[in-house]
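A quick write-up on the structure given underneath.
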Amino acid sequence: MTSADRDISTTVEAKSLTDAASAQRTSSGRTAPDGSRAALLAFDASVFLSTLVERDEISGTDQRLALEVARQSGVSPLRAIVDLGVISEEALADLLAGAMGAARWRAKESRGFISDRAPRAFQRSASLLLLEDEAGAADGASDAHTLVVADPSDRRNVRAVFQICDHAHIAVAIGAASDIHAALDAEENEDRAETAPDASAPIDVTGELSALRDMASEAPVIRFFNQTIERALDLGASDVHVERYDRAPSLRLRVDGFLVEQPPPPDALFEALLCRIKILASLDISQRRKAQDGRIRLRLRGRMVDLRVSLIPTMYGQDAAIRIQDRKKLSGVGLQDLGFFDEQSAWLDRIARKSHGIVLITGPTGSGKTTTLYALLNRLAAVDRKIITVEDPVEFAMAGVNQIQVNTETGLGFATALRHVLRHDPDVILVGEIRDAETAQMAFQAALTGHMVLSTLHTNDAPGTFIRLIEMGVEPYLVTAAVAGATAQRLLRKICCACSNEAGARASCDTCAGLGYKGRVAVMELAEMSTAVKRALGDAADERQVREALLAEGYAPMREMAQRLVEAGVTDNAEVARALGASAIEQEP
Ligand SMILES: [Zn+2]
């Protein structure tokens with residue numbers, strides 16, 4: 001055992017949370033390498049969250065919210081629970097290490113150095129570190145490694161590391177993502193200081209690059225790329241993913257929130273295809289180690305298509321993600337798809353006539369919140385008011401609206417931007433998202449000084465929004481004074497009109513790629529601030545009381561609205577159960 005191992009293993013002695021973790025320990029108390037590897041590969045984020053609820057580390061509501069956000073947006077539940085502000089990165093790392101019987105790694109105590117076996121750029125994008133043991137490296141037989149991960153549920157990347165270090169001894173440790181990035185940054189700075197400025201130059205030899213560039217401009221690659229985008233447009237896909245899974249090329253389209261496998265590009269074309277994407281997006285084709293973002297405007301079938309391209313380094317080279325920005329659609333949902341019922345439309349009109357207050361659009365990522373925000377903005381813009389938005393990112397340019405892009409790297413966060421905005425005397429302010437107490441405070445200040453403020457928040461339902469604000473540290477009296485109302489929404493897939501006959505023959509439908517659904521509709525619920533709601537909030541800030549007050553005043557829960565869409569034949573029960581969760585159905589009174 002090396003000094004580094006000892007250092008790491010002693011920090012976790014007292015922290016084992018589960019019997020399983022204890023069983024993985026050897027008699028010496030050190031984590032067995034195979035055990036930790038197995039523990040890592042068997043890690044289940046939902047089970048882990050349930051353990052935290054049992055131990056009272058987080059509430060059941062937080063757990064459901066994190067799982068919901070994860071399910072809807074595709075991020076891991078662990079990432080969601082940190083992003084939601086339920087738990088800090090550091091605290092999560094402590095709990096994970098304890099639960100898995102793994103070592104707890106901290107940058108400032110780290111002994112080993114970063115291994116070259118996995119590309120740095122990959123380690124960065126996957127938020128993991130592969131450390132080489134100091135002692136092992138010194139005697140030239142560096143076979144002992146420590147894998148530090150921030151998110152053990154990231155199986156794809158973890159497996160990739162185990163694959164390349166096939167015969168090496170790998171200990172597993174848990175570190176906070178920011179700490180992992182700090183270690184990578186520190187090393188990079190050291191490298192930069194030590195080596196000639198040329199060291200960052202592209203690795204490719206010029207000949208290889210120009211061959212790739214030539215190939216990228218040849219018919220097979222052009223045809224494959226264009227056909228892929230056309231197929232994506234046909235299916236109404238929002239994203240195209242060109243990537244490698246376990247070394248083999250893969251092509252997937254995101255259609256109505258679901259990833260659909262497509263025939264992949266031949267291995268021989270893969271690099272040229274990535275090269276073509278970079279050329280079209282005016283990106284550096286020699287750069288394979290850094291993430292790059294760009295845009296492509298393409299004329300296909302006589303119409304202009306805007307693509308937002310993002311390339312990230314991975315274990316096997318690079319992945320490309322292409323977002324299709326259809327001007328007719330916002331966030332994959334058109335304004336016409338919002339499915340407002342009459343009373344909801346009337347509510348939005350009523351809100352649009354208000355001079356001040358906060359309106360919150362809530363729902364998980366990918367629930368079409370942005371579309372609803374813009375729909376509301378459209379109504380407000382019609383009333384001739386000065387509108388300023390603070391967004392991250394600015395998704396769509398709107399005529400007559402000043403849009404400010406938040407940039408956290410330069411220190412222009414939501415709160416700072418909002419402070420600037422208030423000096424410009426706007427009537428309406430759109431704040432992309434209320435993420436923290438400081439932004440919440442600024443938003444409330446703006447609303448209480450005569451501005452209309454629109455924003456989004458992560459909550460499960462509309463009534464829960466009022467409570468969530470109080471939990472974020474906003475005083476209950478400010479919530480009742482400033483909030484005009486809240487909406488919550490989800491997206492439901494619509495039954496495919498082309499193949500939804502009674503026979504249900506769907507497998508070969510070209511319109512919906514055999515999924516049975518085509519397009520989406522937003523289902524929404526509204527909670528308006530009223531005297532009764534204010535009373536419920538002021539009394540105990542109890543969610544059940546708030547809900548009862550709302551129900552007495554005609555609040556229609558989302559599942560009820562969803563049922564109306566099922567009755568209208570727009571969607572079906574299976575889809576409602578999927579999008580709203582089975583519990584939403586069971587709760588039916
Ligand atoms: Zn169909």
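The values are calculated or read from the model by the stated rules, or taken from the named source; none is laboratory data. Given the structure is predicted, the values throughout are model-derived calculations rather than measurements. Virtual Cβ from ideal backbone geometry, glycine too; neighbours counted across all protein chains shown.
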Neighbours by Cβ (under 7 Å, 6+ apart or cross-chain): first from segment 96-116, within 17 Å of C165 (Cβ to Cβ) and in contact (Cβ under 8 Å) with a residue 40 or more places away in the chain; second assigned to a loop (DSSP other than H, G, I, E, B) and charged (D, E, K, R): G112/D133
Any hit, segment 424-437, residues being free of Cβ contacts under 8 Å to residues at least 60 places away in the same chain and under 27 Å from E553 (Cα atoms): no
Residue count, segment 209-261 (criterion: of a type outside the set (D, E, K, R), touching a helix residue (DSSP H, G or I) at 6+ places or on another chain (Cβ under 9 Å) and under 30 Å from R520 (Cβ atoms)): 14
Subset of segment 299-308 [surrounded by fewer than 19 Cβ atoms within 10 Å (Cβ to Cβ) and either among the charged types (D, E, K, R) or modelled with pLDDT of 85 or more (or both)]: R299, R301, R303, D306, R308
Residues of segment 176-201 that turn out to be assigned by TED's automatic domain parsing to the domain that holds A102 and either within 30 Å of P265 (Cβ to Cβ) or modelled with pLDDT of 80 or more (or both), as a count: 12
From A272, A268, A248, residue being surrounded by 21 or more Cβ atoms within 10 Å (Cβ to Cβ) and small (G, A, S): A272
Unique residue being among the small types (G, A, S), under 24 Å from L259 (Cβ atoms), at pLDDT 90 or above and away from the ligand (no atom under 16 Å from the Cβ) when the list is A562, A527, A488: A562
Any hit, segment 100-120, residues being within 19 Å of the chain's Cα centre (by Cα) and not assigned by TED's automatic domain parsing to the domain that holds L492: no
Candidates A93, A39, filtered to the one that is assigned to a helix (DSSP H, G or I) and either modelled with pLDDT under 85 or not assigned by TED's automatic domain parsing to the domain that holds H167 (or both): A39
Out of I285, I279, I312, sole residue that is surrounded by 14 or more Cβ atoms within 10 Å (Cβ to Cβ), assigned to a loop (DSSP other than H, G, I, E, B), in contact (Cβ under 8 Å) with a residue 40 or more places away in the chain and aliphatic (A, V, I, L, M): I285
Answer from S508, S500 - the residue that is polar (S, T, N, Q), surrounded by fewer than 16 Cβ atoms within 10 Å (Cβ to Cβ), at pLDDT below 80 and within 16 Å of the ligand (Cβ to nearest atom): S508
Filtered residue count, segment 414-451, keeping only those that are under 22 Å from P364 (Cβ atoms) and not hydroxyl-bearing (S, T, Y): 11
A80 outside any loop (DSSP other than H, G, I, E, B), assigned by TED's automatic domain parsing to the domain that holds L147 and without any contact (Cβ under 8 Å) to a residue 40 or more places away in the chain: yes
Among (1) over 22 Å from F341 (Cβ atoms); (2) within 16 Å of the ligand (Cβ to nearest atom); (3) over 29 Å from the mean Cα position of the chain (by Cα), the one test that D542 misses: (2)
Lone unmet requirement of (1) surrounded by 18 or more Cβ atoms within 10 Å (Cβ to Cβ); (2) in a helix (DSSP H, G or I); (3) among the aliphatic types (A, V, I, L, M) for A481: (1)
Among (1) within 14 Å of I387 (Cα to Cα); (2) touching a Lys or Arg at 6+ places or on another chain (Cβ under 8 Å); (3) not in a loop (DSSP other than H, G, I, E, B) - the single one D425 does not satisfy: (3)
Checklist (1) under 29 Å from D284 (Cα atoms); (2) at pLDDT 75 or above; (3) of a type outside the set (A, V, I, L, M) applied to W347, failing item: (1)
Checklist (1) surrounded by 20 or more Cβ atoms within 10 Å (Cβ to Cβ); (2) of a type outside the set (S, T, Y); (3) within 25 Å of V161 (Cα to Cα) applied to H241, failing item: (1)
Among (1) among the polar types (S, T, N, Q); (2) within 19 Å of I296 (Cα to Cα); (3) free of Cβ contacts under 8 Å to residues at least 24 places away in the same chain - the single one T228 does not satisfy: (3)
Count of residues meeting criterion [within 17 Å of the chain's Cα centre (by Cα) and charged (D, E, K, R)] in segment 350-389: 1
